[in-house]
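First the structure, in the form of structure tokens, and then the observations on it.
Bear in mind that the values in this text are calculations on the coordinates, not laboratory data. If you're wondering where the values come from, they're calculated on a predicted model, not measured in any experiment. Cβ placement follows ideal geometry from the backbone for every residue including glycine, while neighbour counts extend to all protein chains displayed.
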Amino acid sequence: MQTSSNLIPQPRPLRWLVVTGALCLFIGSAAHAQNLDQGKSGPRLFADSCATCHRSARGLAKGRFRFTLFMYLKDHYATSSGTAWELASYLESADIPQRGRARSAAAVRPSPASPTAGPAIRPPLPVPLQ
């Protein structure tokens, strides 16, 4: 008659060593989080993150200081302080009005009441019924 110790297979030390090593390898190589916005420019960050809700970057800074805009973006929208600073810098630069262009365009455009403006723009003629 066989004893109970012969019926139960004995664990092999090599097998336990391989299993333990494999577990340590899988646990030790856990995926680290990546910052997908790292290294992107301000316009690219705006296009990727903000353009779905905002048509343009113009006017979003609303005259705020760059630091207060940075703090707001860091707390609410940006993934890191570097991307928040880059986006705040871009929004501040887009908020500056283009002064020289607006004045020169207004000076070149003739007024509609002047006689040299040409014929007045009229709506199209109605389509004749057949």
For segment 37-97, what size does the Cα cloud have along each of its three principal axes, sorted from largest down, in whole Å? 29, 23, 17
Might you report the magnitude of the Cβ-based charge dipole of segment 37-97 about its Cα centre, with Lys and Arg at +1 and Asp and Glu at -1, to the nearest 20 debye? 160
Taking the Cβ of each residue in Leu87, Leu129 as the centre, tally the other Cβ atoms inside 10 Å and list the residues starting with the fewest. Leu129, Leu87
Projecting each Cα onto the charge dipole of segment 37-97 (Lys/Arg +1, Asp/Glu -1 at the beta carbon, about the Cα centre), which of Thr83, Gly63, Ala51 comes out farthest on the positive side? Gly63
Starting from the Cα of Phe65, step 7 Å along the direction of its Cβ; do the same at Gln38; then give the gap between the two resulting points in nm. 3.0
Evaluate the distance, in nm, between pseudo-label points positioned 7 Å from the Cα of Val19 and of Arg122 along their respective Cα→Cβ axes. 9.4
Put in order of increasing Cβ neighbours within 10 Å, starting from the fewest, Cys24, Cys50 give Cys24, Cys50
